[in-house]
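Read the structure below first, then the notes.
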């Protein structure tokens with residue numbers, strides 16, 4: 001035993017070639033591949049045409065998948081399997097690397113990713129992994145340095161590990177060894193590779209079974225006798241690493257084997273025909289990440305999307321170019337004459353514009369036109385780019401927003417009323433001057449919302465919907481938000497016009513946003529604070545917000561309407577389920593998973609009865625019946641249901657699964673760590689990959705006590721009171737979302753000509 005221990009004491013791998021570091025890094029690369037294949041967040045089946053893949057790893061590592069994805073992982077053993085890279089785990093690290101690859105080699109899929117978020121996750125995962133690298137190194141040392149492995153194996157067979165580590169520690173504290181090392185350090189001598197040598201003493205002691213805290217204590221004792229490098233002293237040795245182990249894993253480490261899979265085609269089937277779908281698997285991977293790496297998708301700013309020459313029908317029956325309309329003017333609407341509250345105007349930027357049937361007026365692709373009434377399941381609005389219109393005015397989704405194309409029927413104004421106008425031709429306009437001002441109107445509104453107006457040419461006008469949220473389904477939510485924002489924006493009224501936007505950005509981020517929801521969010525959480533019993537009339541609230549005579553009515557007016565539209569549905573769900581508990585901070589040890597199902601909406605309509613089923617992590621599918629008092633339409637089904645399950649345990653992120661009676665399915669990876677409140681819009685896709693509906697939901701992690709109290713409140717509550725408090729925690733969550741959106745919209749307003757996906761879609 002003594003001879004073997006002495007030999008082990010002297011053994012160490014070469015510092016220059018660092019064979020153990022190289023092997024350890026390869027082991028980590030193997031572990032990342034394994035995480036992509038086995039991580040719960042990525043376990044899925046994709047079928048498209050003749051192509052059938054079992055998992056993401058089958059696509060992204062096709063050569064390895066051909067051999068069953070066998071690599072070094074099973075041989076690494078339990079010690080490396082137990083390493084967690086921070087809270088998210090290995091799967092998120094692997095996902096970050098794949099997303100970095102998507103940014104590098106794809107054309108379409110990369111547009112959905114936010115590079116700064118990918119970089120942020122890569123850095124956080126690499127930093128979280130650093131303190132654990134020594135465990136990887138210790139695991140690989142006996143494998144990558146054969147003689148060390150042989151000596152350790154012989155000591156283990158002899159049952160002499162305990163005696164060997166005692167003998168090893170005595171050698172480090174011996175006078176002979178200490179004196180020898182001191183002489184090595186005394187000039188002109190030099191102790192070459194001191195840090196490398198001491199590091200391996202600690203690693204070999206760890207391999208002999210000495211715990212980290214015991215090694216730290218021994219390192220302090222040795223340090224008192226010998227001034228060896230502090231970088232491998234007590235505790236510090238655990239993060240000591242040399243190249244290539246200390247170099248974070250990035251896409252470049254997998255580029256050769258990942259690129260083919262990242263760019264691989266899927267197959268899209270429609271009408272019995274199968275066609276290639278480029279980058280389908282990369283796009284599916286981004287979608288499966290639940291928004292973790294995706295570019296934020298706030299509501300685009302209002303399109304203000306008619307060319308200045310487009311003529312508006314006024315209350316007296318005449319027409320006026322929209323660029324000449326002023327706040328206070330009266331225009332014709334289906335509900336009678338209404339006052340113009342705001343003339344919204346922005347630069348055209350990269351907005352795509354169109355004409356119909358040779359008429360001399362232009363409109364952007366996202367502006368909603370009123371569809372002539374048809375079947376009950378026919379969309380109420382039409383837009384050339386319906387998805388952009390649904391994002392710009394999310395409250396219109398309950399009426400359906402369909403594609404405006406030849407054959408569609410619009411509502412045209414005649415002297416005796418509205419008549420159908422069948423579109424014959426739709427012609428895209430060439431890209432024009434990006435600085436050209438384009439316009440929209442916001443009219444005085446009532447409980448039913450902002451009425452539409454008529455626009456077109458002098459001879460022919462069509463009914464269009466302003467890009468302001470419909471208010472009828474959300475009167476209390478609208479009142480809550482307008483009250484709060486009126487208080488906030490009043491502070492900006494005294495600022496000069498040329499400084500208001502510059503001032504608004506920091507004000508919103510640092511001070512105004514928290515105050516914007518102060519009326520909704522009470523503190524402490526138990527206090528009986530609430531919305532005003534007698535809220536302002538909607539028109540008065542709008543007036544207080546927009547101040548038609550104020551210097552900021554055009555630009556901040558657009559900001560306000562976007563914020564209202566963006567938060568409207570969330571506020572309404574919060575008001576309907578006012579008894580919910582939203583922790584002020586993430587529950588450190590959640591025991592209950594609470595999933596709130598807000599609403600199901602379909603761009604092309606929902607079937608008469610949606611047979612929705614949801615499976616919480618670790619549970620079977622259960623049918624979900626709506627519990628909402630809100631009215632449903634052919635395109636919108638409120639659910640207002642909260643489902644509870646034990647908080648999932650185990651490796652990998654849990655997955656929420658959804659399916660409907662038509663065979664459409666969806667999966668949402670949930671956070672494996674503490675969750676305060678996370679909101680998501682989950683697309684349900686049919687077998688051919690089309691999105692047939694979207695489910696809005698949010699997820700919370702609760703303690704057993706909070707969950708029980710919440711369910712009790714739900715049982716005894718008879719319905720929302722006239723004045724409803726949302727709670728300080730939920731107010732804080734909404735404030736964070738409001739701040740992010742405000743910053744984005746203000747940035748767009750400050751730099752109207754900047755190229756962005758928002759401008760291109762609006």
Discussion item. Suppose each label sits 7 Å from its Cα in the direction of the beta carbon; what would the residue 415-residue 16 distance come out to in nanometres?
Written reply: 10.0 nm
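When a footprinting reagent is the concern and you count Cβ atoms within 10 Å, what order do 183, 112, 263 take, fewest first?
Listing 183, 112, 263 from fewest to most nearby Cβ atoms yields 183, 263, 112.
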Discussion item. Per 0.36 nm of contour for each residue apart, how much would the distance between residue 225 and residue 686 grow if the chain were fully extended, relative to their Cα-Cα spacing?
Written reply: 158.9 nm
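State whether region 357-410 is rounded, prolate or oblate according to the following rule on the C-alpha gyration tensor (a ≥ b ≥ c being the square roots of its eigenvalues): a/c under 1.5 gives rounded; otherwise a/b larger than b/c gives prolate, and the remaining case gives oblate.
oblate
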Worksheet item: Ranked highest first by the average count of other Cβ atoms within 10 Å around their residues, in what order do 249-257, 314-322, 20-28 fall?
Response: 20-28, 249-257, 314-322
Worksheet item: Modelled label-to-label distance, residue 166 and residue 715, 7 Å Cα→beta-carbon offset: nm?
Response: 6.2 nm
Worksheet item: By its C-alpha gyration tensor, with a ≥ b ≥ c as the square roots of the eigenvalues, how is region 306-464 shaped: rounded for a/c under 1.5, else prolate for a/b larger than b/c, else oblate?
Response: rounded
Worksheet entry | Gain on full stretching of the segment that runs from residue 130 to residue 323 - 0.36 nm per residue minus C-alpha separation | 63.5 nm
Discussion item. Can you sort 367, 425, 372 from fewest to most other Cβ atoms within 10 Å of each residue's own Cβ?
Written reply: 425, 372, 367
Worksheet item: In nm, to one decimal, how far is the modelled label at residue 405 from the one at residue 235, with both set 7 Å along Cα→Cβ?
Response: 6.5 nm
Response to the item:
Checked region 141-201 with the C-alpha gyration tensor, a ≥ b ≥ c its square-rooted eigenvalues, rounded below a/c of 1.5, otherwise prolate if a/b is larger than b/c and oblate if not; verdict oblate
Worksheet item: If each residue's Cβ is checked for other Cβ atoms within 10 Å, how do 98, 215 rank with the fewest at the top?
Response: 215, 98
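Suppose R0 equals 56 Å. What FRET efficiency, 1/(1 + (r/R0)^6) with r the Cβ-Cβ distance, do residue 153 and residue 589 give to the nearest 0.05?
Efficiency for this residue pair is about 0.85.
Would you please put 454-467, 617-630, 397-410 in order of how densely packed they are, using the mean number of other Cβ atoms within 10 angstrom per residue and starting with the highest? If you can, show how the numbers build up before the last one.
Details: 454-467: 21.4, 617-630: 13.8, 397-410: 19.4.
So the order, starting with the most tightly packed, is 454-467, 397-410, 617-630.
No value in this document is a laboratory result; all are computed from the given coordinates. These figures come from a predicted structure and were not determined experimentally. Quick reminder, even Gly has a Cβ in these numbers, built from the backbone with ideal geometry, and neighbours come from all protein chains shown.
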